[in-house]
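Working notes, beginning with the structure itself.
Taken together, the values in this text are just the output of simple stated rules run on the coordinates, not laboratory data. Quantities reported herein were computed from a predicted structural model and do not represent experimental measurements. Neighbour counts run over all protein chains shown; Cβ positions are idealised from the backbone, glycine included.
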């Protein structure tokens with residue numbers, strides 16, 4: 001079935017994308033001449049990539065779990081989708097402050113550093129979900 005392939009692809013792409021932002025994108029914000037603009041670019045492009053991947057993970061994982069009842073698939077699915085509610089529940093206030101700030105805001109580096117630290121939680125979820133998907137399906 002294609003669900004397995006979609007699941008591995010979506011969890012892997014998310015894990016790689018999130019890891020790249022954490023190790024490359026976020027540190028670049030801190031040294032940028034325009035940190036708010038740099039963050040906004042990363043945020044805007046990121047949500048266009050990761051939200052669809054999270055939903056592909058949820059649907060493909062849900063289809064596999066319905067068929068197999070394998071708790072490892074359920075765990076990888078829940079963990080793989082968890083960055084979406086985490087962003088809404090834990091990161092929303094920081095994101096709103098960042099969106100209403102400017103490059104000249106004296107708090108901009110503090111805000112972007114907070115965002116980067118919280119993003120590591122999403123990165124970890126992606127890596128765990130992908131690892132569990134690989135362990136379970138291959």
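Worth a mention:
- Whole-angstrom gap from region 33-58 to region 1-15, using each part's C-alpha centre: 19 Å
- Sorted fewest first by neighbouring Cβ atoms within 10 angstrom, 19, 55 come out as 55, 19.
- Stretched out straight at 0.36 nm per residue, the stretch from residue 24 to residue 93 would grow longer than its current Cα-Cα span by 22.5 nm.
- Treating each Cα of region 2-137 as one equal point scatterer and applying the Debye formula with no solvent, the log10 of I(q)/I(0) at q = 0.18 Å⁻¹ comes out as -0.89.
- Per-residue Cβ neighbour rank within 10 angstrom, fewest leading, 110, 4: 110, 4
- Cα long-axis angle, helix 35-68 against the chain (0 to 90 degrees, to the nearest 10): 10 degrees
- Once the Cα atoms are used to define both axes, helix 2-20 deviates from the longest principal axis of the chain by about 20 degrees.
- Once the Cα atoms are used to define both axes, helix 108-137 deviates from the longest principal axis of the chain by about 10 degrees.
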